[in-house]
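Bear in mind that the values in this text are calculations on the coordinates, not laboratory data. As the structure is a prediction and not an experimental result, all values here were calculated from the model. Here the Cβ positions follow ideal geometry from the backbone for every residue, glycine too, while neighbour counts run over all protein chains shown.
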Amino acid sequence: MSMKETAYINAVARIRFNELSLLSSADLEQLITAKDTKAALAVLRDKGWIDHEGRQDIDDSFKQQAEAAWELLMEIAPDTDELRFLVVGNDFHNIKAALKSFVAQEPEVRSFITPSIIPPQEIRDAIFNKDRKDLPDFARNAIEKTYNVLVRTRDGQLADIMLDAMALDCMAEFAARTRSSFVTDLVELISATANLKIALRAARTGKGEQFLTDALCNTKTISRNELIAATLKGEEELKAFISNSTYGGEVEQLQKSAAAFEKWCDDLIISHISSAKYKSFGIDPLVAYFFAKQAEIKSVRIIISCKQIKLPAEAIRERVREIYV
Amino acid sequence: MDQYGVALAISGAILAALLAGIGSARGVGMVGEAAAGVLAEDPSKFSKVLILQLLPGTQGLYGLLTAVLLLSQIGVLGGEVIPLTFSQGIQYFMAAMPIALVGLFSAIYQGRTAVAGVGIVAKKPDQNGKAITLAAMVETYAILALLVSVLTIFSLK
């Protein structure tokens, strides 16, 4: 048993207690079968999710729930740097949002998301004041690369896909520092499924090789070059390629719809993190808790949205993600 | 060589107390960390986690008991040290090894099991009896080692 493993004993015990506050499948079923949005919000209020009913409050509570989970991890983790990979994707999103505002000459950036490693306002100021020296390396490099592309090409979509690919590569780099195979396998799963989503969309819209080279991140389970080659040959060839890969099981989901595939990817992550429920040592239960919270937020968001457009319970059930607890 | 007989016997006693004590300190410390995590969230679970924390502490007591018996057998505690040959010294030394080594490792493994048990208490406090039973199972081997050490010490002349 390594010192690193035992360093998380206290944090894991606190996570076990906090797992009690995650919504159970019975809670989600109660939300699904609530007679309307108001009744669903009342259920969430009973569970301590929101203080008052109303559309504005539920949006705030999604944000608060995500931030509270992150704050808990920051409070209990013996080495907070090891958990940076969980939110680094939000930093890249914030860079994207700030760059777009900068290019459009809109001083106020509206779509920042939290939690993040760097306070969003610092990213905004660094981009608008062209003073990036105080930013961490990953953010500085990402801004410089994307800024140059934006200035040269004025192609916002290219900048977006470059940042998305850089975010996944950065996430993998940070995850490798944890030296936990649970974490690195999880990030590999996220990166590989993200690549598959991009490849499928690219095959359908007939994107070229340069787009794929810029958009796809590096993964171990699926060769990037082989994926590019299969995508360039068309959708059917890509599906055949995927069916022969580690992710062969998802071809069926791919054929159903993009939403079904998205759900399959999320459920795959929950399935992977489930093993952490039985671990008492190491970083894994903390990581699993964060992903469980994200999945829970996504499910609640889906249920509330479906309730607002009055979808039947059966249709909502098909869209709701697997849960961790 | 015979001059080392008593030194060897005393070394055995010291190792019994030392290694079993280290194991217990490690085990109790680990469970204490986990227990503190649960108590930070819910202080009402103190009595439940305390029992789990105490379990890996017994190996240290077994080591101490073995050391006291051994030192008493060779007259160190009585004030009149019995001269021992090198061979007798080795015998006493080896007699202390079961509890020294099994005590060290069983306390650490019992600590691990108890840490997992604290997780059970955190999520399902009504199941703490099962958590205690699982951790207590590891104790069996420490008791067996204690028996072997004590019986061997008493059988040596």
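Only the Cβ atoms of Lys and Arg (+1) and of Asp and Glu (-1) were treated as charged; on that basis the dipole of the protein assembly as shown about its Cα centre amounts to roughly 440 debye. Would you work out if segment A:1-104 is rounded, prolate or oblate? Take a ≥ b ≥ c from the square roots of the eigenvalues of the alpha-carbon gyration tensor; rounded if a/c is under 1.5, else prolate when a/b is larger than b/c, oblate otherwise. In terms of gyration-tensor shape, oblate. Annotation note: trypsin sites (Lys or Arg not before Pro) in segment A:221-320 located in DSSP loop regions with a Cβ neighbour count of at most 14 within 10 Å are A:LYS233, A:LYS310.
Helix B:128-155 and the long axis of chain B differ in direction by around 0°, with both axes built from C-alpha atoms. A prolate overall shape is assigned to chain B, the ratio a/c of its alpha-carbon gyration tensor axes (a ≥ b ≥ c) being 1.5 or greater and a/b exceeding b/c. Among the trypsin sites (Lys or Arg not before Pro) within segment A:99-168, those in coil by DSSP and having at most 10 neighbouring Cβ atoms inside 10 Å are A:ARG110, A:LYS130, A:LYS133, A:ARG154.
Rounded to the nearest 20, the Cβ-based charge dipole of chain B about its Cα centre (Lys and Arg +1, Asp and Glu -1) stands at 380 debye.
Between the helical axis of B:58-73 and the longest alpha-carbon principal axis of chain B there is an angle of about 10 degrees. Partners of B:LYS48 within straight-line reach, counting lysines whose Cα lies under 17 Å from its Cα and excluding those fewer than 8 residues away in the same chain: B:LYS123, B:LYS124, B:LYS130. For segment A:191-325, the square roots a ≥ b ≥ c of the C-alpha gyration tensor eigenvalues yield an a/c of 1.5 or more together with a/b not exceeding b/c, which makes the shape oblate.
Electrostatic bookkeeping for A:ALA276 treats Lys and Arg as +1 and Asp and Glu as -1; over the other residues with beta carbon under 11 Å from its beta carbon, the sum is +1.
For segment B:59-139, trypsin sites (Lys or Arg not before Pro) are listed when DSSP marks them as loop and at most 12 other Cβ atoms sit within 10 Å of their Cβ; the list is empty. With respect to chain B, whose longest principal axis is taken over its alpha-carbon atoms, helix B:86-123 is tilted by about 0°. Candidate cross-link partners of A:LYS207 among the lysines, defined by an alpha-carbon separation under 27 Å and a same-chain spacing of 8 or more, comprise A:LYS96, A:LYS100, A:LYS145, A:LYS197, A:LYS220, A:LYS233, A:LYS239, A:LYS256, A:LYS263. Using the Cα atoms of chain A to build a convex hull, what is its mean projected area in square nanometres? Orientation-averaged projected area of the Cα hull: 17.6 nm².
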